[in-house]
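**Student:** Can you keep this structure in mind? I'll have questions shortly.
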């Protein structure tokens, strides 16, 4: 499997690119900006982008959806809880002084337990982990002891819950019932900042 992480956009989002070595199909998780950098990597690796996967609908994670889809015609995937939000991120951006293109509508809506297959090597299992937003999801990368968690869980912290659709108790429950049941050595790849592990966060995260 081909794996690349990039820090993109004005709010420094972790964007992940996964590619199947056999079929050259790829998926991009959270293209928050700097689409030229994403496209450059795809070209260098000779990857064909099949899916754009959003862990949730906030502008810093979906800000590159429009340009990436325009250049690749990849399908946008998101949970229905955040699907309406992505088509109106330009107005949200103005509140933060950011100019962001509205995302095209989602092509595929996913729910808890759904599986996303990319080529022959990549299988992502959906965990609906609301709390940061209504539609926040995490994705287990089967066979690699990795989970992509968006802004649900960070190294030593959790996602903010004061934005529309956020709820503190819901987020805490999502982490406890969906993420903390994973093996302790599972690598946690968050939407911002450094990676961590499930075991470390269970022991030392001050919110738990």
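The values are calculated or read from the model by the stated rules, or taken from the named source; none is laboratory data. Keep in mind that this is a model prediction, so the values were computed, not measured. Glycine gets a Cβ as well: all are built from the backbone with ideal geometry, and neighbour counts include every protein chain shown.
**Student:** Would you please name the residue that is surrounded by the most Cβ atoms within 10 Å (Cβ to Cβ), looking only at residues in segment 41-69 that are assigned to a helix (DSSP H, G or I) and touching a helix residue (DSSP H, G or I) at 6+ places or on another chain (Cβ under 6 Å)? Give the steps one after another, and end with the answer.
**Tutor:** Filtering segment 41-69 for residues assigned to a helix (DSSP H, G or I) gives 41-44, 59-62, 65-69.
Of the ones still in play, those that are also touching a helix residue (DSSP H, G or I) at 6+ places or on another chain (Cβ under 6 Å) are 59, 62, 67-68.
Working: 59: 28, 62: 32, 67: 18, 68: 24.
It comes out as 62.
**Student:** Among the candidates 197, 170, 177, which residue alone is more than 29 Å from residue 50 (Cα to Cα) and free of Cβ contacts under 8 Å to residues at least 24 places away in the same chain? Let's see the steps before the verdict.
**Tutor:** Working: 197 fails: more than 29 Å from residue 50 (Cα to Cα); 170 fails: free of Cβ contacts under 8 Å to residues at least 24 places away in the same chain.
The match here is 177.
**Student:** Please tell me if residue 38 is modelled with pLDDT of 95 or more, buried (at least 23 other Cβ atoms within 10 Å of the Cβ) and assigned to a strand (DSSP E or B).
**Tutor:** Numbers: modelled with pLDDT of 95 or more: yes; buried (at least 23 other Cβ atoms within 10 Å of the Cβ): yes; assigned to a strand (DSSP E or B): no.
When the stated conditions are applied, residue 38 does not pass them.
**Student:** Same structure, new question: Say we look at segment 129-151 and pick out the residues that are free of Cβ contacts under 8 Å to residues at least 60 places away in the same chain and under 12 Å from the mean Cα position of the chain (by Cα); which of these is surrounded by the fewest Cβ atoms within 10 Å (Cβ to Cβ)? Lay out the reasoning, then the answer.
**Tutor:** Going through segment 129-151, the residues free of Cβ contacts under 8 Å to residues at least 60 places away in the same chain turn out to be 129-131, 134, 140, 142-143, 145-147.
In the following step, the residues that additionally are under 12 Å from the mean Cα position of the chain (by Cα) were identified as 129, 140, 147.
Details: 129: 31, 140: 21, 147: 26.
This residue is 140.
**Student:** Then there is this: Filtering segment 5-33 down to residues that are more than 13 Å from the chain's Cα centre (by Cα) and farther than 23 Å from residue 159 by Cα, which residue is surrounded by the fewest Cβ atoms within 10 Å (Cβ to Cβ)?
**Tutor:** Filtering segment 5-33 for residues that are more than 13 Å from the chain's Cα centre (by Cα) and farther than 23 Å from residue 159 by Cα, the one surrounded by the fewest Cβ atoms within 10 Å (Cβ to Cβ) comes out as 22.
**Student:** Go through 67, 37, 73 for me and flag whichever is without any contact (Cβ under 8 Å) to a residue 12 or more places away in the chain and over 22 Å from residue 145 (Cα atoms).
**Tutor:** It is 73.
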